[in-house]
Amino acid sequence: MSGSVEPVSGQRIDRWLWFARFLKSRTLAAALVASGKMRVNGERVVKASRLVRPGDVLTFPLGPHIRVIEVVASGTRRGPAAEARGLYADLAPPAPPAATETSIAAREPGSGRPTKKDRRRTDALKDGS
């Protein structure tokens, strides 16, 4: 009982980020972690050797967005994107609905630029007088 030690289960954070397809290479993943911008369960991480386990919440910048994800499973390989999406749950709030084209470009008929037909009518009035 006192002499038994449970094996540490987990996966290196740089490897997991690469398996989950957040970054193109392990080198880029390790650089992100080393930059000090990565947080695991709210704690800043600066070593790529930090182990992540299912249930851990990762917060990190990726492009113009701040990603907040929960680790669901450890990866075994860098597989297709569909397989990679099964490794995490996105905890970020959903994006606001995008404005549709009809709401942006809606205007009353007859307002705005004249059509070719309108221009011909105008030209005919000018030439006739």
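Computed from the coordinates by the stated procedures, all read-outs in this text should not be read as laboratory data. All figures in this text were calculated on a predicted structure; none of them were measured in a lab. Because the Cβ atoms are built from the backbone with ideal geometry, glycine has one as well, and the counts that use them run over all protein chains shown.
Here are some notes:
- Under 10 Å, Cβ to Cβ, from Arg15 - net charge with Lys/Arg +1 and Asp/Glu -1: +2
- Proximal lysine pairs, the chain, alpha carbons under 20 Å, eight or more residues apart or interchain: 5
- Calculated translational diffusion coefficient of segment 29-73 (37 °C, 0.692 mPa s; Stokes-Einstein with Kirkwood radius over alpha-carbon pairs) equals 309 µm²/s.
- Taking label points 7 Å from Cα along the Cα-to-Cβ direction, Lys117 and Asp90 give a separation of 4.5 nm.
- Computed from the C-beta positions of Ile66 and Thr27, the FRET efficiency with R₀ = 22 Å rounds to 0.50.
- log₁₀ of I(q)/I(0) at q = 0.14, 0.17 Å⁻¹ - segment 11-96, Debye sum with one point per alpha carbon: -0.41, -0.62
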